[in-house]
1. Taking the range 311-325 on its own, how many of its residues are among the acidic types (Asp, Glu) and over 16 Å from LEU266 (Cβ atoms)?
2. Report whether or not PHE54 is over 13 Å from SER107 (Cα atoms) and in a helix (DSSP H, G or I).
3. Looking at (1) assigned to a loop (DSSP other than H, G, I, E, B); (2) free of Cβ contacts under 8 Å to residues at least 60 places away in the same chain; (3) in contact with a Ser or Thr (Cβ under 8 Å, 6 or more places away or on another chain); (4) not charged (D, E, K, R), which is the only condition GLY249 fails?
4. Going residue by residue through the range 15-30, is there one that turns out to be surrounded by fewer than 20 Cβ atoms within 10 Å (Cβ to Cβ) and under 21 Å from SER187 (Cα atoms)?
5. Please tell me if ASP20 is without any contact (Cβ under 8 Å) to a residue 12 or more places away in the chain and over 30 Å from ALA241 (Cβ atoms).
6. Based on what the data block shows, is SER48 more than 15 Å from GLN28 (Cα to Cα), assigned to a loop (DSSP other than H, G, I, E, B) and either among the hydroxyl-bearing types (Ser, Thr, Tyr) or within 18 Å of the chain's Cα centre (by Cα) (or both)?
Amino acid sequence: MIPKFVRGSIAPVFTAFHEDGRLDDEGQRSILSWLAGTKAISAFFVRSGMGQMFSFSYDDVRQIAKTACGLRAGNVPVLMGCSGIWDRDHDKYPDPQVYMQQAVDLSKYAEDLGAGGVVHTLPEAIQPKSGQKIDDVIMKYFETICAAVKLPVFIYQSPGTDERYILSIELVRRLADIPNLAGMKASTNDAHYIFNITYAVRDKDFGFISGAETAFLAGLISGSRAVIGQGASVNPRILNAIQTRYEKGDIKGACEAQWSTNLLVLRSKNTTEFFKRYISEKGYKVKPCARVTGSPYSTTSARLSQEEYDTYKDLLESELEKYASG
């Protein structure tokens, strides 16, 4: 069954770091508390792409899961990213058995902590053996995870996914039949792909989550139920307006909200730093730090000048004001 929280804005939680790159538990609580206080999100997605998920160690995942699930801010469900550990270095893959066992153990740990669901990226870290198809690797991976826990399990087709692992219509239909595989997030603004996938699972108990907020309205038309993108943390009220207006038949209003959403994405230069500085101004203190890994496969955005911060703040607040009443 698709959980009720698969609706509207699911916040891709940014990760709080100290200056030296360690996880900052207190700052993380500030982020979660701010998000819950907006009353505009349906769930937290912790260890998200926006939260630098590929920089996490095994102990990092356990630490942030304990922090997020322990806070229970506003009784908002936690979707915990529980893939095995890999920095996405395609020149150096992890041991596939170790990676798989980590994914199972982290999922069980999240379940024990009371998470509302677990999220797994497509298993690009597991390369097919001789004579094995990638579709079989993906099926086996999610069958194993779904057999290990009773929680809803979600697929995350993240930006930059190896094209060999991109889900086909046929494979999505097979995956959708796995017990307690509740849905998927696909980070794409390709309306053709979104339509094909959502239409393919229209008769399945399987929830599609738009992974590019700039294509949320297009996704709603063909069956998307929720959205995960930077705006689901920064301006969730506007994303929710896209959905509620569309469902009421107010297409013009939904388009206006989609344009506001797209404008905020277009003008954003370093969303993570902006968000941390912005909520700190509001009394939810968190350091504006990112984790620098040194990996050629990991990049961080340039720091914001004060002028850039102030300009974006003015834009955000002026757009938010248009949706103050919902």
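The values are calculated or read from the model by the stated rules, or taken from the named source; none is laboratory data. Quick caveat, the model's predicted, so the values are computed rather than measured. Glycine gets a Cβ as well: all are built from the backbone with ideal geometry, and neighbour counts include every protein chain shown.
1. Start the filter on the range 311-325 by keeping residues that are among the acidic types (Asp, Glu), which leaves 314, 317, 319, 321.
Then keep just the ones that are over 16 Å from LEU266 (Cβ atoms); that gives 317, 321.
Qualifying residue count, the range 311-325: 2.
2. On the way: over 13 Å from SER107 (Cα atoms): yes; in a helix (DSSP H, G or I): yes.
Yes; evaluated as a whole, the condition is true for this residue.
3. (3)
4. no
5. Numbers: without any contact (Cβ under 8 Å) to a residue 12 or more places away in the chain: yes; over 30 Å from ALA241 (Cβ atoms): yes.
Judged against the criteria, ASP20 is a match.
6. Details: more than 15 Å from GLN28 (Cα to Cα): no; assigned to a loop (DSSP other than H, G, I, E, B): yes; either among the hydroxyl-bearing types (Ser, Thr, Tyr) or within 18 Å of the chain's Cα centre (by Cα) (or both): yes.
For SER48, the condition - more than 15 Å from GLN28 (Cα to Cα), assigned to a loop (DSSP other than H, G, I, E, B) and either among the hydroxyl-bearing types (Ser, Thr, Tyr) or within 18 Å of the chain's Cα centre (by Cα) (or both) - is not met.
Okay, residues lined up against (1) in contact with a strand residue (DSSP E or B) (Cβ under 8 Å, 6 or more places away or on another chain); (2) buried (at least 21 other Cβ atoms within 10 Å of the Cβ); (3) closer than 28 Å to LYS204 by Cα; (4) aliphatic (A, V, I, L, M):
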site	(1), (2), (3), (4)
VAL227	yes, yes, yes, yes
VAL234	no, yes, no, yes
GLY283	no, no, no, no
LEU315	no, no, no, yes
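Each row is one residue, and each column tells you yes or no for (1) within 30 Å of LYS322 (Cα to Cα); (2) among the hydroxyl-bearing types (Ser, Thr, Tyr).
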residue: THR161; (1), (2): no, yes
residue: GLY183; (1), (2): no, no
residue: HIS192; (1), (2): no, no
residue: VAL227; (1), (2): yes, no
residue: GLY231; (1), (2): yes, no
residue: GLN243; (1), (2): yes, no
residue: GLY249; (1), (2): yes, no
residue: CYS255; (1), (2): yes, no
